[in-house]
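Below is one structure, written out as structure tokens; comments come after it.
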Amino acid sequence: SGDSTSSAASLNMTSVRIPTYGTNLHPVGNIILPEERITYTWNEINVFTNHTSSKPNRLLNKNNNQSNSLVCGIAYPGELLAILGSSGAGKTTLLNALTFQSSSNVIVSGIRCVNGIPVSSKTLTSQSAYVQQDDLFIGNLTVKEHLIFQALVRMDRNLSYKQRMQRVEEVISELALVKCQNTQIGIIGRIKGISGGERKRLSFAAEVLTNPRLMFCDEPTSGLDSFMALNVIQVLKSMTMSGKTVICTIHQPSSELYSMFDKLLLMSEGRTAFLGSPEEADMFFKELEAPCPKNYNPADYFIQLMAIVPEKEESCRQAVSLICDKYEKSSVGVKVALEASNLVRKSDINDVWINGDTYKSPYKASWCSQFKAVLWRSWLSVIKEPLLIKVRMIQTIIIALIVGAIYFNQKLDQSGVMNINGVLFIFLTNMTFQNVFAVVNVKKLKVFCAELQVFLREHRNGMYRTDVYFLCKTLAEAPVFVTIPILFTAVCYFMIGLNSEGIRFFIACGILVLVANVAISFGYLISCASSSVSMALSVGPPLVVPFLLFGGFFLNVSSIPIYFKWLSYLSWFRFGNEALMINQWKNVTNIDCPASNSTCPRDGHVVLEIYNFSEVDNFIEDIAMLVILIIGFRLTAYFILLLRTRQRK
């Protein structure tokens, strides 16, 4: 103990290199020419919630109705503008308004301009990038695979594949992702992946692939430790060195982070309390006789100064109102308002604002390029998903073995007929519930529902079309959803002793493939219509059970009430059950029945008559109806998904 203490005391501290930050930064991305750089301005911005009440709820400028208090500001190229404020100050509300990302129940007024020209949502999307607070990825892809996909759908369509891959390598190097480039991104609780800081840098990497001139970031340091947070802000600062304009919201930055900001936008109660450089902020609050104490983090001080303290709300709001009013009348505030106003070329509003969406497509890649890229990623997601392949195969085999063992080697007698009819319906039930919930259940088998949020964000960012995503997702998952029913049937069909004449086994496989895909299509519909996985899981069973009851096993099809007849035509249980039973009992001429038992069916034709199934007319109709249900459910799911994407615009 004494030796170690003396050894530590004798350590020459001058030999220990303490890392310094902000001094060795290098530009990220290609240098943007001065004439191509973006000055982003916003003028008279106000945000309201769109409720049915006569008086909408104001989200910005909550305590001021004067039009000259509406939020205005300006962000210059080569500068990092940080939006600071306490929780509920309006940081994210303002950022969403600036990026046209506000939800559908929010009304935004005011003008947003690029180099003085008012822009629309699509125009801004084509010129900017937005790194949102929540990092959404397809977790079983590697870092490099994710960036390759982004390069294929986001970079200019005139670039060659070689140029895109070269840009991917450059971005991986620029953002220090070389060591983890072949590591899976990860899924919480299932696949161990990259760290939180690496995930955030990957989000930036995807955005800087196209070398955007304007970047927005929402809480980029959220959930990161101080070292990772500093690393992320260094990345943002490096981007400004190439001529980019960077705007970010940030919560409780350290003093080291604060020193890296070029401009501050302090917000409270939805109003601008200050916009200017950190040095100007110090001078402004000194003039208010509220200077930041020495050895105190200015960011913490400003946030606390403008926070609304519980049980002191009125006095706090009065203080905030005073600060905001003083800022608007200060030389800094007047200068910002004047510059923002002067940069708006109001004569161009009708030309660009109204018609900006008409002439320019938000998609960088052609339909075919989108299709190839999305199909590639969807296929990778399927084959690299451990639960989708391994667990489902094992689950299917185990269930098939259990069913085969319970119904092993059935004889063609009265009991055997009842058992065979029962097991055929079990086939349908298993194919339905296994596949419907495979589509929607994120905790066990992430197939469709869990990726919807990724799709909605990427589509909104103009990466690919809705029809491309839906078609590629369907094609990529088709091999799995065809293999599972065939595997199930192959394991238990002959164990049970079902009809082995001719091609009956292959027909049964085909019927179950169709039934499984109807169930999957219905699962797609539920997923697209539901706002969350839990909602999809809640509404699934109540919707499936009525279709099950109309399957002809529990209720004879001839006794279905007239007012439910229409619903029975949507039941894949009905058509699947009839097709399986026709396949099983057609041309079965002898069933072992005691002579004294008049209720025992003597042949397969009698069995079908008991259930009001027709072996002559209905088999082709059943197959056709299953195909129609597959197409109908999938088209409905597609149009619901399309509607959801348009509601978010």
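Since every read-out is calculated from the coordinates, none of them should be taken as a lab result. These numbers come from a predicted model, not from an experiment. Cβ atoms come from the backbone with ideal geometry, glycine included; neighbour counts cover every protein chain shown.
Per-structure values
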{"quantity": "FRET efficiency, 1/(1 + (r/R0)^6) with R0 56 Å, evaluated for Val606 and Ser532 via beta carbons", "calculated": "0.65"}
{"quantity": "Cα long-axis angle, helix 466-496 against the chain (0 to 90 degrees, to the nearest 10)", "calculated": "30"}
{"quantity": "Sorted largest first, extent of the stretch 248-310 alpha carbons per principal axis (Å)", "calculated": "30, 28, 20"}
{"quantity": "Phi to ³J(HN,Hα) by Karplus 6.51 cos²θ - 1.76 cosθ + 1.60 over the stretch 553-568, Hz, x for Gly, Pro", "calculated": "9, 8, 9, 4, 4, 6, 9, 5, x, 4, 6, 10, 4, 4, 6, 5"}
{"quantity": "Built amide H within the under 5 Å cut-off of Tyr130, gap 5+", "calculated": "Phe216"}
{"quantity": "Magnitude of the charge dipole, the stretch 237-300, Cβ model with Lys/Arg +1 and Asp/Glu -1, debye to 20", "calculated": "260"}
{"quantity": "Peptides 594-600, 74-80, 497-503 ordered by average Cβ neighbours within 10 Å, highest first", "calculated": "74-80, 497-503, 594-600"}
{"quantity": "Cα long-axis angle, helix 143-154 against the chain (0 to 90 degrees, to the nearest 10)", "calculated": "80"}
{"quantity": "For the stretch 167-182, 3J(HN,Hα) per residue [Karplus equation, 6.51 cos²θ - 1.76 cosθ + 1.60, θ = phi - 60°, Hz, x = Gly/Pro]", "calculated": "5, 4, 4, 4, 5, 4, 6, 4, 9, 6, 10, 4, 5, 10, 5, 9"}
{"quantity": "Euclidean distance between Cα centres, the stretch 239-285 to the stretch 126-149, Å", "calculated": "26"}
{"quantity": "Binned Cα-Cα distances of the chain, short to long, each 20 Å bin given as a whole percent", "calculated": "16, 38, 27, 15, 4, 0"}
{"quantity": "Gln318 versus Ser160: modelled label distance in nm, points set 7 Å from Cα along the beta carbon direction", "calculated": "7.2"}
{"quantity": "Nearest-ten-degree value, helix 414-440 long axis tilted from longest Cα axis of the chain", "calculated": "10"}
{"quantity": "Cβ crowding within 10 Å averaged over residues, with 312-318, 197-203 ranked highest first", "calculated": "197-203, 312-318"}
{"quantity": "Coordinate range along principal axes, alpha carbons of the stretch 367-647, Å, largest first", "calculated": "74, 42, 32"}
{"quantity": "Leading residue at positive end of dipole, the chain (Cβ point charges), from Thr249, Phe427, Leu236", "calculated": "Leu236"}
{"quantity": "Computed over the stretch 136-215, Kirkwood Rh from alpha-carbon pairs, angstrom", "calculated": "12.7"}
